[in-house]
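Below is one structure, written out as structure tokens; comments come after it.
The values are calculated or read from the model by the stated rules, or taken from the named source; none is laboratory data. These figures come from a predicted structure and were not determined experimentally. Every residue, glycine among them, receives a Cβ derived from its backbone with ideal geometry; neighbour counts consider all protein chains shown. With ligands, DNA and RNA removed, areas are computed over all heavy atoms of the protein, side chains included. Shrake-Rupley method; radii C 1.70, N 1.55, O 1.52, S 1.80 Å.
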Amino acid sequence: MSPQKIRALLILVAAFLMIGVASGRKPSASVLAQAQHRAPAPASLRLYVFDCGRLKIVDTSVYGFAPSDLAATDMPVPCFLVAHPKGTLMWDTGVLPDNLLASGGSVTQGNPGSSAMATVTKPLKTQLAETGYAPEDITYLALSHCHWDHTANANEFARATWLVRQEERDAMFAHPSTFARCLTPQTFDALKNSKTVILKRDEYDLFGDGSVIVKSAPGHTPGHQVLFLKLRKTGPVLLSGDLYHYPEERAQHRVPTTDFNRDQTAASRVTIEAFLKKTGAQLWIQHDLTANAKLKKAPAFYD
Ligand SMILES: [Zn+2]
């Protein structure tokens, strides 16, 4: 072999070695962090329940009750993560944005358009991280409706695909703000530019296998919706949104005076009660304090 050929061969070997060293280089901290927070897709459907705060209700009369009529007047504010083999869905995003808790500890704050007082003790992002996810990992976002106790961290999920009804979206971005009382546009304004699926039918089967269905239940707001989940061990569950707040509303057929369209709420309730009967699903009233206390919270999950 000529000296030139030997030199060319050595250069080639050196080049291969350099490529090998380069590709074997340790990943940067940010890449590691990204890989670490992305949980592997579960083999079957999971439901995580997060503690996104609590509402102290000053005036129960809008729900048709005196405080003494109710088992509990406070309302929990849960957020939910649905993890399916084909993707993830956030359902509702809390009452106070995570950045208010940046300094640690709990935060109590009201809202000019509401008589309720909200307290949050743990950021949603921290609870999500404990389950192995970050907001940017989430595939889909759906809000039961646009009220402030459901939208607080919505902007964190602006990179997800947003599932919303046209009536709700219109109410959320109407100027001036409409009677739909979407009080905190600054918490959801980034969704305006999100990839969006406008839900037109009564039921939207998200993954095409009947296990995650976003279902129309208007009245509380123009495009209010509920979420049906078919869990393997737990069985079917329906997350109520604010179709009901207190279990007493369900038992005594009381519709809040502040609902956008009370007749529509009453009609939605009839439809949903029939749906529950047909599917055998449990109804989880999201704001029911007694029921919420019994739910296992993330990072534990229902499957
Ligand atoms: Zn609510």
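What accessible area, in Å² to the nearest ten, does a 1.4 Å probe give for K297?
60
Below 8 Å, C-alpha to C-alpha, sequence gap of six or more: please give me the relative contact order for the chain in percent.
It comes to 18 percent, rounded to a whole number.
Within a Cβ distance under 14 Å of D59, other residues only, what is the Lys/Arg minus Asp/Glu net charge? Provide the component values of the computation, followed by the final result.
Working: positive: K56; negative: D69, D74.
Net charge in that neighbourhood comes out at -1.
Roughly how many Å² of S211 are accessible to a 1.4 Å probe, to the nearest 10?
Number for this one is 10 Å².
Could you calculate the contour length gain from A102 to L295, that is, 0.36 nm times the residue separation minus the distance between their Cα atoms, to one decimal place in nm? Mind dumping the intermediate values first?
Details: separation 193, 0.36 × 193 = 69.48 nm, distance 2.68 nm.
Between A102 and L295, full extension yields an extra 66.8 nm.
Below 8 Å between Cα atoms, with a sequence gap of 6+, how large is the relative contact order for region 124-178 in percent? Spell out each step's value before the answer.
Values: 39 pairs, mean separation 17.8, N = 55.
Over region 124-178, the number comes to 32 percent.
Using a cut-off of 12 Å between beta-carbons, work out the net charge of the residues near I213 (Lys and Arg +1, Asp and Glu -1, I213 not included). Mind dumping the intermediate values first?
Numbers: positive: R201, K215, K230; negative: D202, E203, D205, D209.
Its environment carries a net charge of -1.
Just need the relative contact order of region 48-201 here, percent rounded to a whole number, with Cα pairs under 8 Å and 6+ apart.
Contact order relative to length: 22 percent.
Using the 2.2 N^0.38 Å rule of thumb for compact globular proteins, work out how the chain stacks up: its C-alpha Rg over that value, please.
Normalised by 2.2 N^0.38 Å, the Cα Rg of the chain equals 1.23.
Distances over 18 Å make up what percent of all Cα-Cα pairs in region 139-233?
Beyond 18 Å sits 42 percent of the P(r) for region 139-233.
By the gyration tensor of its Cα atoms, with a ≥ b ≥ c the square roots of the eigenvalues, what is the shape of region 201-265: rounded for a/c under 1.5, prolate for a/b over b/c, or oblate?
Judged from the Cα gyration tensor, region 201-265 comes out oblate (a/c at least 1.5, b/c at or above a/b).
Restricting to bridges with both residues inside the chain, how much of the DSSP beta-bridge set is antiparallel, in percent to the nearest 5?
Approximately 75 percent, going by the DSSP bridge assignments.
If the only charges are +1 at each Lys and Arg Cβ and -1 at each Asp and Glu Cβ, what is the size of the charge dipole of region 108-213 around the Cα centre, to the nearest 20 debye? Please report the intermediate quantities before stating the final value.
On the way: 10 positive and 13 negative charges, 57 e Å.
The calculation lands at about 280 debye.
Compute the angle between helix 3-23 and the longest alpha-carbon principal axis of the chain, please, reported from 0 to 90 degrees and rounded to the nearest 10.
20
Mind running the shape call on region 87-207? Use the C-alpha gyration tensor, a ≥ b ≥ c as the square roots of the eigenvalues: rounded below 1.5 for a/c, prolate if a/b tops b/c, oblate otherwise.
oblate
Please compute the net charge surrounding V107, taking Lys and Arg as +1 and Asp and Glu as -1 over other residues with Cβ under 11 Å from its Cβ.
Around V107, the charge tally is 0.
Mind checking the full-extension length gain between N111 and H175? Use 0.36 nm per residue of separation minus the Cα-Cα distance, one decimal, nm. Walk me through the numbers on the way to the answer.
On the way: separation 64, 0.36 × 64 = 23.04 nm, distance 1.93 nm.
Contour length minus the Cα-Cα distance gives 21.1 nm.
Relative to the present Cα-Cα distance, how much length would full extension add between T279 and A71 at 0.36 nm per residue of separation?
So the extension gain works out to 72.1 nm.
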